[in-house]
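Notes for the one structure printed next.
The values are calculated or read from the model by the stated rules, or taken from the named source; none is laboratory data. This is a predicted model, so every value here is computed, not measured. No Cβ is skipped: glycine too gets one built from the backbone with ideal geometry, and neighbour counts run over all protein chains shown. Each accessible area value is taken on the protein alone, full model and side chains, heavy atoms only, with ligands, DNA and RNA left out. Shrake-Rupley method; radii C 1.70, N 1.55, O 1.52, S 1.80 Å.
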Amino acid sequence: MENIKSLNKEIFVDSEEISQIVTRLAERINNDYKDKDPVFVVVLNGAFMFAADLLKQINVLSKITFIKLASYTSDKSSGTVKQLIGLNENLKGKDVVIIEDIVDTGLTMQSLRKQLLALDVNSLEIAVLMFKPHKFQCNYPIKYIGKEIEDPFIVGYGFDLDGYYRNLPAIYQVKE
Ligand code: PRP
């Protein structure tokens, strides 16, 4: 607990840059979906702050739903098989945009994509705040990327260390 409290961290992406990134993504989404009726699927927990800021700038008629992912306890080895919790929207025939905070190896998103595609959606795109291209092990397209980063450990703006620091308004890199 003490080392969590006295965490050595420095600004990685400040609030102003986050705001610019979010505005740029929102403009693209507004343009791409202006004649559509999209459903935004927000992946909890990490994406809550990004999603709130992004969705405030979405001006097309749309629905928002929230899901959580849980690993199947019996298959910890792969870490990729996930269960959807809380999907209560019928997505059949819908234009769906997943909102996620980060794609790292991409395995979580790969599994989520498969599950949503199986629901017979009309289209499926991904909006992600942070993307680690060097760690990405998959080959599906990510249409809306906020920022490409290397591999820092980050906290703030939804990103956590053991559940802490998600509330910070900027993104910090944790130092040794
Ligand atoms: C994080 C993030 C993605 C996943 C990305 O979730 O929100 O869901 O890891 O990693 P991957 O691309 O290597 O699969 P986490 O399990 O930390 O949960 P959280 O959103 O509640 O913080």
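Segment 129-176 has equivalent-ellipsoid semi-axes of 22, 12, 9 Å, by the square roots of 5 times the alpha carbon gyration tensor eigenvalues, sorted largest first. Projected onto its three principal axes, the C-alpha set of the chain covers 49, 42, 28 Å, listed from the longest axis down. Globularity index of segment 1-71 is 1.42 (Cα radius of gyration / 2.2 N^0.38 Å, N = number of residues).
In this structure Met49 has an accessible area near 40 Å², from a 1.4 Å probe over the protein heavy atoms. Once you reduce segment 157-176 and segment 13-29 to the center of their Cα atoms, the two points are 18 Å from each other.
Only protein heavy atoms count here; under a 1.4 Å probe, Arg113 has an accessible surface of about 50 Å².
Quantify, in whole percent, the carbon and sulfur part of the accessible surface of segment 108-156 (1.4 Å probe; protein heavy atoms only). Of all accessible area on segment 108-156, carbon and sulfur atoms account for 45 percent. Where only DSSP H runs of four or more residues are counted, the chain gives -7000 deg cm²/dmol as its mean residue ellipticity at 222 nm, each run worth -39500 (n - 2.57). Based on the convex hull around the alpha carbon atoms, segment 77-176 presents an average projected area of 7.7 nm². Taking the Cα centre of the chain as reference, the dipole from Cβ charges on Lys and Arg (+1) and Asp and Glu (-1) amounts to some 480 debye.
Given a 1.4 Å probe and the protein chains as shown, Asp35 ends up with an accessible area of around 140 Å². Solvent exposure of segment 16-117 amounts to 51 Å² per residue of accessible area, where only protein heavy atoms count and the probe is 1.4 Å.
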